[in-house]
Amino acid sequence: MLASQATAQNDRSYKRWFQETIVPRAQEQGISLRTLQSVDPLLFYDEQVIALDRRQPEKKITFEKYLLNTIPSSRVSQGRELMAEHKETLRLVSEMTGVPASMIVALWGIESSFGQNMGSYDVINALATLAYEGRRAEFFQNELIEALKILQYENRDPYAMQGSWAGAMGQCQFMPSSYRRYAVDFDGDGKRDIWESVPDVLASIAYYLQSEGWVRGRPWGREVMVTRPLDEALAGLDSGKALEEWANLGVMTMQRQPLPLESERAWLVQPDGPSGRRFLVYDNYKVLMRWNRSTYFATAVGLLADQL
């Protein structure tokens with residue numbers, strides 16, 4: 001079969017699956033036929049999305065290389081400029097949620113480079129393609145239904161609802177279910193617009209963290225040094241200890257000072273293992289991990305926030 005014929009056959013099977021599987025399920029959850037018909041022109045079997053989902057993970061880069069890629073000096077400089085530009089909005093959002101302005105801007109920068117890299121895929125079709133492909137069918141079907149609800153209840157234009165190949169949307173890269181739970185209309189225009197409205201983006205990031213348990217006035221963690229051999233079994237997010245206990249085990253600040261009592265409990269994180277940098281992290285770090293379950297990501301966000 002020629003490639004063009006195979007693509008056409010995939011398209012037909014895909015659209016038939018959407019009509020037979022998604023349409024009834026969506027209608028059961030209150031999605032109107034009008035909303036479903038509005039996305040029909042967007043639907044095609046996107047082989048690029050499937051290829052991206054199936055690609056083998058590249059060899060793991062070191063944490064230091066990840067930091068160079070994720071928080072270059074240019075991102076720090078731009079973040080500082082944007083903090084000054086949006087100072088009043090950030091002040092209000094921080095007062096309401098308890099999330100520091102620097103942490104909000106750090107997440108904004110790492111997720112979408114401050115809105116410069118939101119993705120160019122049609123979210124509806126990307127989610128539908130992934131749901132059809134089946135590797136994580138239930139997850140993507142649920143996200144697809146959430147995306148359809150956004151179209152219906154938020155009055156979004158399906159053609160303007162763009163994001164990553166995996167369906168993450170807008171300047172804060174929320175999945176549709178996160179958008180439905182955490183997106184905020186902070187500028188008061190009647191729309192929760194995480195694509196174009198910076199106030200909505202900043203408030204949505206902060207509200208997510210607040211809702212997931214961010215502790216006002218507490219840091220995320222700090223880099224530390226270990227002054228004597230440490231049982232490596234103690235490292236990780238399953239082995240929390242009081243700061244006094246860590247101090248008794250020889251953990252100190254990078255300036256060889258005693259640990260400040262910043263939290264009741266802390267965990268030792270080693271993104272690159274025992275030969276790399278070490279961080280004592282607190283409950284707020286676990287909130288960052290709920291955003292993205294990667295120690296590389298969560299630690300980079302914290303370090304960028306510190307620089308901001």
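The values are calculated or read from the model by the stated rules, or taken from the named source; none is laboratory data. Owing to the predicted nature of the structure, the values given are computational and were not obtained by experimental measurement. No Cβ is skipped: glycine too gets one built from the backbone with ideal geometry, and neighbour counts run over all protein chains shown. Side chains included, ligands, DNA and RNA excluded: accessible areas come from the protein's heavy atoms. Shrake-Rupley method; radii C 1.70, N 1.55, O 1.52, S 1.80 Å.
Picking from GLY273, GLY221, GLY236, which residue would you name as being on the phi > 0 side of the Ramachandran plot, in contact (Cβ under 8 Å) with a residue 12 or more places away in the chain and surrounded by fewer than 16 Cβ atoms within 10 Å (Cβ to Cβ)?
Just a single option satisfies the conditions, and that option is GLY236.
Pick from ILE150, ILE145, ILE194: which is free of Cβ contacts under 8 Å to residues at least 60 places away in the same chain, under 30 Å from SER13 (Cβ atoms) and either out of contact with any Lys or Arg (no Cβ under 9 Å at 6 or more places or on another chain) or not small (Gly, Ala, Ser) (or both)? Give the derivation first.
On the way: ILE145 fails: free of Cβ contacts under 8 Å to residues at least 60 places away in the same chain; ILE194 fails: under 30 Å from SER13 (Cβ atoms).
Step by step, each of ILE150, ILE145, ILE194 is checked, and only ILE150 is free of Cβ contacts under 8 Å to residues at least 60 places away in the same chain, under 30 Å from SER13 (Cβ atoms) and either out of contact with any Lys or Arg (no Cβ under 9 Å at 6 or more places or on another chain) or not small (Gly, Ala, Ser) (or both).
Consider only pairs whose beta carbons are under 6 Å apart and that are at least six residues apart or on different chains; among these, list those whose first residue lies in region 255-268 and is farther than 8 Å from TYR282 by Cα and whose second residue is β-branched (Val, Ile, Thr) and open to solvent by 100 Å² or more (accessible area, probe 1.4 Å).
Listed pairs, sorted by first residue: none to list.
If I filter region 176-190 down to residues being of a type in the set (Phe, Trp, Tyr) and under 15 Å from the mean Cα position of the chain (by Cα), which single residue comes out as surrounded by the fewest Cβ atoms within 10 Å (Cβ to Cβ)? Explain how you work it out, then say what you get.
Restricting attention to region 176-190, the residues satisfying the condition of being of a type in the set (Phe, Trp, Tyr) are 179, 182, 186.
Within this subset, residues satisfying the condition of being under 15 Å from the mean Cα position of the chain (by Cα) are 179, 182.
Numbers: TYR179: 27, TYR182: 21.
Among residues in region 176-190 that are of a type in the set (Phe, Trp, Tyr) and under 15 Å from the mean Cα position of the chain (by Cα), the one surrounded by the fewest Cβ atoms within 10 Å (Cβ to Cβ) is TYR182.
Given the structure, is GLU146 open to solvent by 30 Å² or more (accessible area, probe 1.4 Å), in contact with a helix residue (DSSP H, G or I) (Cβ under 7 Å, 6 or more places away or on another chain) and either among the acidic types (Asp, Glu) or at pLDDT 95 or above (or both)?
When the stated conditions are applied, GLU146 passes them.
Consider region 26-53. How many of its residues are within 14 Å of GLU146 (Cβ to Cβ) and in a loop (DSSP other than H, G, I, E, B)?
Qualifying residue count, region 26-53: 3.
Just to verify a result, which residue in region 206-218, among those that are part of a helix (DSSP H, G or I) and open to solvent by 50 Å² or more (accessible area, probe 1.4 Å), is farthest from ARG290 (Cα to Cα)?
So, considering only residues that are part of a helix (DSSP H, G or I) and open to solvent by 50 Å² or more (accessible area, probe 1.4 Å), the one farthest from ARG290 (Cα to Cα) is TYR207.
Which of the residues spanning region 181-205 are in a helix (DSSP H, G or I) and more than 23 Å from GLU143 (Cα to Cα)?
VAL198, PRO199
What residue, of GLU262, GLU244, GLU223, is over 22 Å from the mean Cα position of the chain (by Cα), at pLDDT 95 or above and not aliphatic (A, V, I, L, M)?
Numbers: GLU262 fails: at pLDDT 95 or above; GLU244 fails: at pLDDT 95 or above.
After ruling out the rest, the residue left standing is GLU223.
Is it the case that THR62 is modelled with pLDDT under 95 and touching a Gly at 6+ places or on another chain (Cβ under 8 Å)? Show your work before the answer.
On the way: modelled with pLDDT under 95: yes; touching a Gly at 6+ places or on another chain (Cβ under 8 Å): yes.
The answer is yes for THR62.
Test ARG156 against the stated conditions and say whether it is in contact with a helix residue (DSSP H, G or I) (Cβ under 8 Å, 6 or more places away or on another chain), free of Cβ contacts under 8 Å to residues at least 60 places away in the same chain, open to solvent by 10 Å² or more (accessible area, probe 1.4 Å) and in a loop (DSSP other than H, G, I, E, B).
Answer is yes for this residue.
Step by step: first the residues of region 276-308, then only those that are of a type outside the set (A, V, I, L, M, F, W, C) and free of Cβ contacts under 8 Å to residues at least 60 places away in the same chain, then the one that is farthest from THR70 (Cα to Cα). Which residue is that?
ARG278
So GLY167 ticks every box in (1) in a loop (DSSP other than H, G, I, E, B); (2) touching a residue at least 60 places away in the same chain (Cβ under 8 Å) but one. Which box is left unticked?
(2)
Please go through region 276-296 and give me each residue that is open to solvent by 10 Å² or more (accessible area, probe 1.4 Å) and closer than 27 Å to LYS87 by Cα, ordered by number.
ASP283, LYS286, MET289, ARG290, TRP291, ASN292
Taking region 191-205, which residues are of a type outside the set (A, V, I, L, M), within 21 Å of MET103 (Cβ to Cβ) and open to solvent by less than 30 Å² (accessible area, probe 1.4 Å)?
The answer is SER197, ASP200, SER204.
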